[in-house]
1. Specify the residue that is farthest from the ligand (Cβ to nearest atom); the eligible residues are those in the range 172-198 that are within 30 Å of Phe266 (Cα to Cα) and open to solvent by 50 Å² or more (accessible area, probe 1.4 Å).
2. Taking the range 179-195 as the region of interest, how many residues are touching a residue at least 24 places away in the same chain (Cβ under 8 Å) and part of a helix (DSSP H, G or I)?
3. Taking Val132 as meeting all but one of (1) within 16 Å of the ligand (Cβ to nearest atom); (2) within 31 Å of the chain's Cα centre (by Cα), write down the number of the exception.
4. When you check Asp354 against the structure, is it farther than 18 Å from Ser426 by Cβ, at pLDDT 95 or above and more than 16 Å from the ligand (Cβ to nearest atom), yes or no?
5. Within the range 218-232, does at least one residue satisfy the condition of being among the β-branched types (Val, Ile, Thr) and within 26 Å of Leu337 (Cα to Cα)?
6. Which pairs have Cβ atoms under 9 Å, sit 6 or more apart or on different chains, and link a residue in the range 202-219 that is modelled with pLDDT of 95 or more and among the aliphatic types (A, V, I, L, M) to one that is open to solvent by 90 Å² or more (accessible area, probe 1.4 Å) and part of a loop (DSSP other than H, G, I, E, B)?
7. Among (1) surrounded by fewer than 20 Cβ atoms within 10 Å (Cβ to Cβ); (2) away from the ligand (no atom under 16 Å from the Cβ), where does Thr147 come up short?
8. Find the residue count for the range 324-350, including only residues that are surrounded by fewer than 18 Cβ atoms within 10 Å (Cβ to Cβ), more than 16 Å from Ala289 (Cα to Cα) and more than 12 Å from the chain's Cα centre (by Cα).
Amino acid sequence: MAMMWAGRFSKEVDSKVNAFNSSISFDGRMYRHDIMGSIAHAEMLGRCGIISEEDSKTLANELKKVLEDIENGTVELDMNAEDIHMFIEATLTERLGEVGKRLHTARSRNDQVALDIRLYLRDEIGEIKKLVISLAEVLCDIAEKNTDTVMPGYTHLQRAQPITFGHHLMAYAQMLLRDVGRLNDTLKRLNQCPLGSGALAGTTYPIDRDFTAEQLDFDCAVINSLDGVSDRDFCIELSSSISIIMMHLSRFSEEIILWCSWEFKFIELDDAFATGSSIMPQKKNPDIAELVRGKCARVFGDNMTLLTMMKGLPLAYNKDMQEDKEAVFDAVDNVKLCLSTFIPMLKTMSVYKDNMRNAAARGFINATDCADYLVKKGMAFRDAYKITGSLVALCIERKTDLEHLPLEDYKNMCELFDNDIYRAISLDVCVNMRSSKGGPSPESVKEQINFTRECLLQLNQ
Ligand code: ARG
């Protein structure tokens, strides 16, 4: 195929170079956005008298037909084309002859590609947001059923203080709310229209950039044409927002993997969301959670690819920037893949409340409450801490726990202890008393769920 720039060249491009240079295999997915952008551009050219109204209409109508034909399979993307932009223009010109050739007036592929990625990613951000929101909703649903499910809270992966499963889940819900916030922020800066920046220096034609920006639902037109064609900040921001989502999913996955183990057995994944082993018949593996944790790595890599690709580029467009698409698409594809598998995996898992409670009943998880008991009776916290430490040591020596240590031993250690110590350190009391705002008590968790649901409702509007 003769190249579009053949006039300047005396040789056909080497076939290896063509394959090396071509991006249609990965930018072909932007065909719809490319066509939408071209329709807006064609309409603007007509309105501004740069081409005739008639040609403008012919172009817009044929572009709509090309879109239909790609969508219904009549037109297949040609993998020998240089990129999706050239392919659509060539298809149009094949159909319209002279008129087709007028489309690229007052435009360059540099502003065209900048426009297409923004349009494409804007849609994808919408999809990712929906998934993050629905994951947060699922967390609220499960938390609601577990506001009084006592489990150990950990620091250093050592049992620390008793919490509720609902409390634990609502922590993840807050991360997801922030994730949606970050996606919205990314969207704000992405949603500016680069069309009309031309190759780099705008154009001498009397174009109307505000018209195309409005037609394509952008908040405004990009202010500077050099910036318009050379900015990929929005790709970096998006892959970084996605990296944070993946990091959250990965931490959650790590916990799910632990909770599924026989050592914890806090949950069991549904058979449809776990896998077996080829050799060990007893195995039920949390592969999905492991893969999500694993895929986090490639998404971080995508973010680093984009940062590194951009760091040395002089203004304005450089071909290096063609590498933006595979990286940002990979991040987008993988976060969607992970979220859409993670959601039903969570929805269908069984929660073993008794195992959670039993784990919370061991490991002196109520030691802080024992110290607090003495504080409430007037002792300074540091002294109470020390006495409780000695009591724990005594229990370990006697192979018992604080609940079963005789009152006599308590009294020997400190006069302030009385029979009410047993109530003060009972698991349910320990959890119910932790009713400070944001705490694990059933009441606090209910408040957190209500708050989160309200935020989600607003985000859904
Ligand atoms: N396929 C190119 C890209 O993805 C389109 C822009 C080409 N512009 C150019 N001046 N070669 O970046």
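1. For the range 172-198, the residue satisfying everything is Gln174.
2. 11
3. Evaluating Val132 over (1) within 16 Å of the ligand (Cβ to nearest atom); (2) within 31 Å of the chain's Cα centre (by Cα) leaves (1) as the failure.
4. Taking the combined requirement at face value, the residue does not satisfy it.
5. no
6. Cβ pairs passing all conditions: Ala213/Asp219.
7. Single failed check for Thr147: (1).
8. The total comes to 1.
The values are calculated or read from the model by the stated rules, or taken from the named source; none is laboratory data. As the structure is a computational prediction, the values presented were derived from the model and not from experiment. Methodologically, a virtual Cβ is constructed for each residue, glycine included, from the backbone with ideal geometry; neighbour enumeration extends over all protein chains shown. Protein only, heavy atoms only, side chains kept; ligands, DNA and RNA dropped before computing areas. Shrake-Rupley method; radii C 1.70, N 1.55, O 1.52, S 1.80 Å.
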